[in-house]
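Inspection log for the structure reproduced underneath, given as structure tokens.
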Amino acid sequence: MILILAALLLCFAQACADTSVELEPVSGTVTFGDKYIVLTPTTLADHQELLSSLGTTAESAAEDWENRGVLCQAWTSDRKICVEVTAIQDDEAKQYFDLDQQSSKVRNEYRAMHLKDTRFNNTTYDVKTATWKKQSLGGRFLILKYKAVENGVSHWGYARKTIRNGYTITLDYKVLEDRSLREADNSALNVIANTVSFQKKEEEITGSSALVHFTSEPPSETNSDTFTVTGNCAPGTHIISVLMRMSSDTVVRLESDANKKGDFKIKVKLPEEGVWLMSLTFDVGDKTVAEHAFQTTTYSKTLLPVTLNEPIPEVIEGDELVISGVTSKLVTVQCIVSNGTSKDFTKQIKTNGSGKFTFKVPTSIEGEYNIVLAFSKKGVNDRRFTYTATRTVTDLDVRSRVKSEAIKPSYTVLKNKLSGYTGKTMTYNVFITEITQLGEEWIIRAALKNDAKGYSNFILITAKEDPGFESGSQHRMYGTCTGASQVQMKEGDDGLPAFDLLFWE
């Protein structure tokens with residue numbers, strides 16, 4: 001009996017103790033409070049029951065973790081929260097190596113990627129906000145608020161993300177089981193993120209090309225024999241630049257040094273027309289710490305250079321396609337887009353001194369889009385580019401449109417002007433008070449207000465499926481107003497504002 005009691009006390013002590021996890025191979029640690037059940041690659045076999053409830057096994061989880069770079073998971077006992085820590089060597093990790101050592105401009109570029117770049121913000125991972133925060137021990141982390149779709153199931157979450165020691169580290173706080181996201185979740189993740197610390201890998205930092213950042217690069221096309229390459233690296237670095245013409249043995253060699261702030265500027269003058277390749281070597285003392293080769297530069301005096309900011313995609317993912325780039329100044333640029341309907345897009349502009357151009361093409365209609373970009377300027381050769389892209393409207397697109405169109409009048413205004421709001425798309429945070437099946441539909445009685453006096457400001461929502469919500473739970477509803485309800489679930493319900501459900505969030 002004493003032994004059993006001692007074993008129980010030991011288990012209790014372990015369950016109530018904070019758990020610290022080594023973040024290998026990043027050289028760091030993270031600590032979770034006693035409310036979490038922490039799984040690591042070495043303890044997966046000890047949590048067979050939890051893994052079974054998640055529909056997996058220790059062996060399958062281990063394989064999945066290795067593929068995705070998962071270092072640990074921390075679960076709440078109700079399994080509605082999972083905090084997953086990952087470390088991967090992706091392209092960004094190789095490029096930046098350590099975001100704490102990069103400039104604010106570089107960090108701002110990295111933040112903007114998560115809001116605009118489809119690698120981070122797409123149909124399965126929708127980033128709502130991205131801001132920087134300096135955590136207590138681990139330096140700067142990006143705070144992300146997102147909505148994700150995994151295996152056909154959506155969930156909300158917060159994340160902390162940074163790049164240290166050549167790895168992209170993410171602390172992903174996933175809110176599961178249809179629970180709404182709360183600011184308290186962000187606070188809970190902040191507590192965990194404040195425990196993260198890293199040991200700096202000096203040798204890797206010294207020898208990493210990731211600490212070289214370019215602010216301007218050689219153009220891919222040019223009709224001028226001069227251009228400038230600028231950037232930032234370790235102060236005092238000696239830079240050797242070599243340019244080779246691809247079709248001959250002509251070589252241009254330049255040498256320069258980074259200043260006390262690490263800034264460098266390389267002025268290039270090409271001796272003749274042709275296709276050129278530029279490479280750089282960065283030396284600190286007698287040691288080469290980085291090398292870099294750019295894409296080729298095509299130089300021709302009669303060439304009208306054109307560079308797009310982003311390639312034209314084969315698949316269009318939104319209701320608007322932005323086509324932008326840069327060419328020479330005073331160039332006439334025409335964009336013609338047809339999609340087999342009467343709503344063809346045609347626009348012509350003339351670039352100013354910057355040479356920049358932008359076209360915003362509506363793409364809300366499904367189908368194939370034929371895109372033509374034409375460039376002309378006196379004294380140089382005209383250029384014409386053609387592309388084909390396909391637009392498929394997904395469920396996520398439909399939801400995005402609904403969310404952008406949804407309105408939210410006050411309850412008093414809604415009731416007083418109900419007939420005028422019929423047919424409008426609306427959204428409210430509602431408290432579920434009762435769910436009743438009526439034929440093949442479910443009638444949901446919900447309140448917009450819950451205070452010390454109880455529920456008030458009731459509406460009725462008609463749904464095609466049972467949402468399975470508990471009474472008193474709060475959810476965000478998107479629906480179409482159908483006017484005054486003819487259904488009476490409670491006395492006095494007759495004439496309540498009624499909605500046909502579009503979806504829950």
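Of all the residues in the stretch 100-127, those that are under 17 Å from the mean Cα position of the chain (by Cα) and either open to solvent by 20 Å² or more (accessible area, probe 1.4 Å) or touching a residue at least 60 places away in the same chain (Cβ under 8 Å) (or both) number 19. Entry remark, the stretch 128-148: residues being farther than 26 Å from residue 199 by Cβ, among the basic types (Lys, Arg) and loosely packed, with under 14 Cβ neighbours inside 10 Å number 1 in total. Considering 377, 360, 329, 301, the condition of being out of contact with any helix residue (DSSP H, G or I) (no Cβ under 6 Å at 6 or more places or on another chain), modelled with pLDDT of 90 or more and surrounded by 14 or more Cβ atoms within 10 Å (Cβ to Cβ) is satisfied by 377 alone. Would you be able to say whether some residue in the stretch 404-424 is open to solvent by 30 Å² or more (accessible area, probe 1.4 Å), under 27 Å from the mean Cα position of the chain (by Cα) and farther than 30 Å from residue 325 by Cβ? Within the stretch 404-424, one or more residues are open to solvent by 30 Å² or more (accessible area, probe 1.4 Å), under 27 Å from the mean Cα position of the chain (by Cα) and farther than 30 Å from residue 325 by Cβ.
Which of the residues spanning the stretch 401-416 are among the charged types (D, E, K, R), in a helix (DSSP H, G or I) and modelled with pLDDT of 90 or more? Residue satisfying the conditions is 415 alone. Within the stretch 87-99, if we keep just the residues that are touching a residue at least 40 places away in the same chain (Cβ under 8 Å) and of a type in the set (Asp, Glu), the residue that is nearest to residue 165 (Cα to Cα) turns out to be 98. Looking across the stretch 456-505, just one residue is in a loop (DSSP other than H, G, I, E, B) and closer than 15 Å to residue 406 by Cβ, and that is 505.
Residue count for the stretch 241-280 satisfying the condition of being surrounded by fewer than 17 Cβ atoms within 10 Å (Cβ to Cβ) and under 15 Å from residue 217 (Cα atoms): 7. Scanning the stretch 380-400 for residues that are open to solvent by less than 70 Å² (accessible area, probe 1.4 Å), in a loop (DSSP other than H, G, I, E, B) and of a type outside the set (Ser, Thr, Tyr) gives 380, 393.
Candidates in the stretch 1-18 are the residues that are under 17 Å from residue 74 (Cα atoms) and not in a helix (DSSP H, G or I); of these, the one that is modelled with the highest pLDDT is 18.
The values are calculated or read from the model by the stated rules, or taken from the named source; none is laboratory data. Source: prediction; values computed, not measured. Note: ideal-geometry Cβ built from the backbone for every residue, glycine included; neighbour counts use all protein chains shown. Heads up: the accessible areas ignore ligands, DNA and RNA and are worked out on the full protein's heavy atoms, side chains in. Shrake-Rupley method; radii C 1.70, N 1.55, O 1.52, S 1.80 Å.
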